[in-house]
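This report concerns only the one structure given below.
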Amino acid sequence: MSEELSSLFLSYYSDLSNNEFSQVNLERIFGGASRETYRVKIKDSSDNEESLILRLSQDSSLIETEQKTEYLAYSAFQKSRVPVPILIDMSEDDSQLGAPFMLMEELEGEAASPFTPNVYSPYEEDIGNQFWSILGQIAKKEIDSNIFEDFSKGSKKPFWECELDKWVKVIHEDSIGVEPILESGIRHLYRNPPIENKRVSMVHGDYRSGNFLYSKNKITGILDWEMAHLGDPLEDLGWALSPIWSWQDKERPAYLLMREEAIKLWEKTSEIKIDRNDLKWWELFAAVKGMAIWISAGNEFKSGKNIDPINLFSAWIPGDIHLEVILDILESNI
């Protein structure tokens with residue numbers, strides 16, 4: 001596959017760039033479960049090298065998403081205060097590289113595991129300030145009308161209901177049994193809806209540690225926008241605050257700033273005053289959404305559609321953690 005892909009890429013990129021490239025090296029970057037990601041080093045006849053990132057769609061993945069969604073989300077934040085890769089090309093068919101793909105320039109930096117505390121030391125405060133400020137900038141950013149139109153679904157339901165319906169459908173289609181705690185969480189969400197936020201934002205959909213790059217004390221890129229959509233800005237905040245991303249230090253979400261400090265920084269940057277009851281709703285929603293993802297992953301593995309071990313792991317440990325989070329939130333409402 002790698003030799004065939006290298007040959008296809010060499011021909012494709014030479015045509016795209018109107019330049020003759022003589023050498024290409026593709027290195028698979030593992031870790032994601034929704035796209036195949038490759039680091040591409042390509043040289044022309046003068047030995048000039050370009051560093052690129054190629055994202056290929058998979059036949060089966062943990063989360064079924066469209067290539068265009070991620071491309072448009074990146075497009076919305078080009079040349080903004082939200083650091084994203086510079087886009088080069090995108091295709092929704094398989095005529096050029098054998099699968100739909102997205103191509104972008106490579107950013108410097110490394111991604112940190114969301115399950116490793118103190119990995120940013122001694123830069124926790126610098127990275128933390130940027131992490132929560134950038135999330136506020138995402139919530140604040142006015143989206144270009146053409147991109148906004150592409151993301152609009154035309155539903156008359158409020159955003160919270162559209163998103164909850166979507167993930168509950170995944171749960172009920174992919175579950176192999178009934179989880180009483182999860183079903184209690186779902187019932188609570190439907191019975192106690194949040195107030196519809198006046199601000200409609202681009203929602204990243206998976207904003208957390210592990211989905212950004214950093215170099216020393218600077219965040220260099222926000223990645224993995226495949227679940228992006230229009231919605232309530234509190235959705236991203238609730239997901240990023242989830243204790244699953246900082247299980248060994250629950251009051252320091254993402255193992256960065258303390259929880260209240262993070263929330264205040266997000267409020268200041270986004271210019272949105274948080275209703276704490278609504279935030280609690282979105283934090284419970286985040287756990288239910290997480291369960292939908294882990295259940296879907298388990299179904300992919302069990303059915304044999306995708307036997308990547310990450311799907312088995314996702315259905316096991318994160319699922320147990322999110323059930324505990326749901327139970328904790330429900331108990332706090334009693």
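Every number here is computed from the coordinates shown, using simple stated rules; none is lab data. What you see is a predicted model, and the numbers here were worked out from it, not measured in a lab. Don't worry about glycine lacking a Cβ; one is built from the backbone with ideal geometry, like all the others, and counts go over all protein chains shown.
I'm checking a number: the convex hull volume of the Cα atoms of segment 122-272, normalised per residue, in Å³. What is it?
141 Å³
May I ask for the net charge around ALA287, where only other residues with Cβ less than 10 Å from the Cβ of ALA287 are counted and Lys, Arg are +1 while Asp, Glu are -1? It works out to a net charge of -2.
Answer with one residue from ALA76, TRP225, PRO122: the one whose Cα lies farthest towards the positive end of the charge dipole of the chain, charges on Cβ with Lys, Arg +1 and Asp, Glu -1. Of the candidates, PRO122 comes out farthest on the positive side. Each Lys and Arg Cβ is given +1 and each Asp and Glu Cβ -1; about its Cα centre, the chain then shows a dipole of about 1080 debye.
Partner lysines whose Cα lies under 21 Å from the Cα of LYS264, excluding those fewer than 8 positions away in the same chain, are identified as LYS140, LYS141, LYS198, LYS218, LYS250, LYS273, LYS280. Each of LEU256, ASN25, ILE272 was scored by the projection of its Cα onto the charge dipole of the chain, and the greatest displacement toward the positive side belongs to ILE272; charges sit on the C-beta of Lys, Arg, Asp and Glu. The helix-only estimate of mean residue ellipticity at 222 nm for the chain, built from DSSP H runs of length n ≥ 4 each weighted as -39500 (n - 2.57), is -14500 deg cm²/dmol after division by the residue total. Panel note: the C-alpha atoms of the chain, placed on their principal axes, show extents of 69, 44, 41 Å (largest first). In the chain, a dipole from Cβ-located charges (positive for Lys and Arg, negative for Asp and Glu) runs towards its positive end, and of LEU54, GLY154, PHE285 it is PHE285 whose Cα lies farthest in that direction. Between segment 212-229 and segment 84-153, the C-alpha centres lie 5 angstrom from each other. Taking other residues whose beta carbon is less than 14 angstrom from the beta carbon of SER184, and scoring Lys, Arg as +1 and Asp, Glu as -1, yields -3. What's the whole-number percent of alpha carbon pairs in segment 1-157 lying beyond 28 angstrom? Cα-Cα pairs in segment 1-157 separated by more than 28 Å: 33 percent.
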